[in-house]
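Just so it is clear, none of the values below were taken in a lab; they were calculated from the coordinates. Since the structure is predicted, the reported quantities are computational estimates derived from the model, not experimental observations. Cβ: placed from backbone, ideal geometry, glycine included. Neighbour counts: every protein chain shown.
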Amino acid sequence: MIETKTLPTQYVTQPGAPKTSSGQTVRTDEMIINMGPQHPSTHGVLRLEIVVDGEIIIDVIPHIGYLHRCFEKHAEHMANYQQVIPYCDRLDYCAAINEEHSYVLAVERLLKIEVPERVEYIRVIMAELQRIASHLIAVGTFGIDAGAFTPFLYAFHDRELILSLFEMTCGARLLYNYFWIGGLSHDIPPQFAGKAKEFCTYFKPRIKEFNDLLTFNEIFVKRTANVGVLPKDVAINYACSGPMLRGSGVNWDLRRDDPYSVYHKIEWEPKIGKGEMGTVGDVWDRHIVRMREMEESVKIIEQALAALPEGNVQAAIPKRIRPDAGEVYVRTETPRGELGFYLISDGTGTPFRLKCRAPAFVNLSVLPEISRGAMIADLVLIAGSTDIVLGQVDR
Amino acid sequence: MTAEEIYNNLKAKFGDAIVEAKLDALQPWIVVDPNRTKEIALFLRDEPALQFDSMMCLSGVDYNGGKLGIVYHLFSMVHKHKIVLKAHCTKENPHIQSVSSVWGTANWHEREVFDMYGVVIDEHPDLRRILLPYDWEGHPLRKDYKVPEFYNGMKVPY
């Protein structure tokens, strides 16, 4: 759908503008193009209203909410705290484990309980497996946005192996309900550790293969370098997080800087964008950060599997969870960035208020800033590099 | 910097605009005047000793009894300290000043608060509904919200 907008007269005819064959002066005009809500490159039901001057983007106005399903209102009307966990899964269906992790940590912080060490290690292993699975979707679909279809198939093949590991553990392949308050729904099966190690060994050379196929492909580099540059100060001012922030060269990762679970006992390092192919903070930098994070995740999984202690997988918690009146804000590093839950308890068995600070929502809000002045063909890449999941944006 | 030092700093600079504080909470919070949030935010961001350059979260809350509020979770990536600010208003006069000129991320969060709680954010550059349709009536996250029977002729309860 294309429509024209009435503009101030100074834009309508420019001095020296060429004439048409019938002798009229060619008008230059801004145009509004509507992209979405059903569009393969918006990664869900996102509508972008794009104001363009020729092929140059003047402004982008995102319209969201098509997938709004009242998560926060539902949470206030649950029978108890545990019932919220499956809803958290559905926030970001590409990284359900990480959503659960954040929520159970928030409730545990409010209840002031410690979970057994075995639980913490299993949580870290699962969260990192999920991070790889989620980044594989991100880089795979990003390849499609850039016009490369084969890497997508590679990515989904490997993601399938991770989903099989989850299926072996808790029966579900997408929405797990595996982390419970005070522990896990059940222990990992005996063959899990072996299979997970097998996956790590298999996956490391695959990252290199994927990089050769897509990341360092000359066409891909030309297409993505120097596009959609997000400067450091803008990223911090807009509270961007995850690969968006690290791609802009900010060395910041909540797993290291605001540690939770057992990340502080594991050796790894956050990867940041350095502008190797163009400018720091461009689309390529965000892509390479995701690729390198997968390598780090494999390292974390291997160390956690080696250090996995024996023990119980459920802490002693009261049957009816009633935290003391109080409030807490807990944030964790999910594949998309900082996921926070602001939880207020009034001493009853249901949350009084549960606010979900969704990283995809916040990362999307910077899209107009980084798209202005870009070519319209690059918008697909810029939107793809923010790696949004509309389930989380709209909640 | 500890929460108490931050509180003393604010109190010395703004006096009456700092309404109350609870510094022994799990995450200490300070209540400020809803009409002066912008200058307080600017001070918190730009004062070299404080430098709250990052806003983690901004949430609306309905406290029951006709009281609404916004909670700001602030963090300094330079000094690695945190503080929680709150601004309260009543349902009869729901006005709180915008901080989106201080932290860009507040823009969408404030639109969400307006959408869900009906708190009018003064001086906001683009105060529209964000998650709900533009012609939706009412503010669903208020505790006394009643689901309408019809929306554009369609039956709402399912």
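Here the 3J(HN,Hα) profile of segment A:172-188, calculated from phi with Karplus coefficients 6.51, -1.76 and 1.60 at θ = phi - 60°, is 9, 10, 10, 10, 8, 6, 9, 7, 10, 5, x, x, 10, 5, 7, 6, 6 Hz, Gly and Pro shown as x. Once C-alpha pairs closer than 8 Å and six or more residues apart are averaged by separation and normalised to the residue number of segment A:110-178, the relative contact order reads 23 percent. Dividing the convex hull volume of the alpha-carbon atoms in the protein assembly as shown by its residue count gives 178 Å³ per residue.
Counting only other chain Cβ atoms within 10 Å of each residue's Cβ, the peptide A:232-241 averages 5.
Jot down the per residue volume, in cubic angstrom and as a whole number, of the convex hull over the alpha-carbon atoms of segment A:71-394.
119 Å³
Residues B:MET77, A:MET291, ranked from the fewest to the most other C-beta atoms within 10 Å, line up as B:MET77, A:MET291. The simple spin-label model puts a point 7 Å past each Cα toward its Cβ; for A:ASN251 and B:ASP135 those points are separated by 5.5 nm.
The DSSP beta bridges internal to the protein assembly as shown are antiparallel in roughly 90% of cases.
Highest mean packing comes first when the peptides B:53-62, A:142-151, A:267-276 are listed by Cβ atoms within 10 Å, giving B:53-62, A:142-151, A:267-276. Look at the dipole of the protein assembly as shown built from charges on Cβ: of A:ALA304, B:PHE150, B:PHE75, the Cα furthest out on the positive end belongs to B:PHE150. 3J(HN,Hα) couplings calculated from phi for segment B:70-84 with the Karplus curve 6.51 cos²θ - 1.76 cosθ + 1.60 (θ = phi - 60°) are, in sequence order, 10, 10, 10, 9, 10, 8, 10, 6, 7, 9, 6, 10, 10, 8, 10 Hz; Gly and Pro show x. Per-residue Karplus couplings for segment A:90-107, computed as 6.51 cos²θ - 1.76 cosθ + 1.60 with θ equal to phi - 60°, are listed in order as 7, 5, 10, 6, 8, 9, 4, 4, 5, 5, 4, 4, 5, 5, 5, 5, 4, 5 Hz, Gly and Pro entered as x.
Comparing A:ARG109, A:ARG286, A:ARG331 in a Gaussian network model of chain A where C-alpha atoms under 10 Å apart are linked, the largest mean-square fluctuation is found at A:ARG109.
Using the Cβ-Cβ distance between A:HIS74 and A:CYS200 with R0 set to 35 Å, the FRET efficiency works out to roughly 0.40. Ordering B:PRO125, B:VAL32, A:ILE162 by Cα displacement along the dipole of the protein assembly as shown toward the positive end leaves A:ILE162 in first place; charges were set at the Cβ atoms of Lys, Arg (+1) and Asp, Glu (-1). Under the convention that each Lys and Arg Cβ holds +1 and each Asp and Glu Cβ holds -1, the size of the dipole of segment A:229-284 around its Cα centre is about 80 debye. Projecting label points 7 angstrom from Cα along Cα→Cβ for A:PHE156 and A:VAL221 puts them 2.9 nm apart.
Inter-chain Cβ neighbour count for B:53-65, averaged per residue, equals 6 (cutoff 10 Å, partner chain atoms only).
Each Lys or Arg adds one and each Asp or Glu subtracts one; over the other residues with Cβ under 10 Å from the Cβ of A:ALA235, this totals 0. Here segment B:28-158 is treated with +1 on each Lys and Arg Cβ and -1 on each Asp and Glu Cβ, and its dipole about the Cα centre works out to around 380 debye.
The length gained on full extension between A:ALA315 and A:GLU267, counted as 0.36 nm times the residue separation minus their Cα-Cα distance, comes to 14.6 nm. Annotation note: chymotrypsin sites (Phe, Trp or Tyr not before Pro) in segment B:1-86 located in DSSP loop regions with a Cβ neighbour count of at most 16 within 10 Å are B:TYR63. Dipole magnitude for chain A: about 360 debye, using +1 per Lys or Arg Cβ and -1 per Asp or Glu Cβ, origin at the Cα centre.
In the frame of its principal axes, segment B:3-155 has Cα extents of 56, 30, 25 Å, reported largest first.
For A:GLY183, the residues whose amide H sits under 5 Å from its own are A:ALA315, ignoring neighbours fewer than 5 places away on the same chain, with H placed 1.01 Å from N.
The ellipsoid equivalent to the alpha-carbon distribution of segment A:117-258 has semi-axes of 30, 22, 12 angstrom, derived from the gyration tensor eigenvalues as √(5λ) and listed largest first. Looking only at segment A:351-395, which residues have a backbone nitrogen under 17 Å from a spot 7 Å from the Cα of A:ILE56 in the C-beta direction? What the label zone holds, given the 17 Å backbone N cut-off, is A:369-379.
The base-10 log of I(q)/I(0) for segment A:277-333, evaluated at q = 0.13 Å⁻¹, reads -0.73 [Debye formula, identical scatterers on Cα atoms, solvent excluded]. In this structure, the amide hydrogen of A:THR279, modeled 1.01 Å from its nitrogen in the peptide plane, lies closer than 5 angstrom to those of A:ASN226, counting only residues at least 5 positions away or on a different chain.
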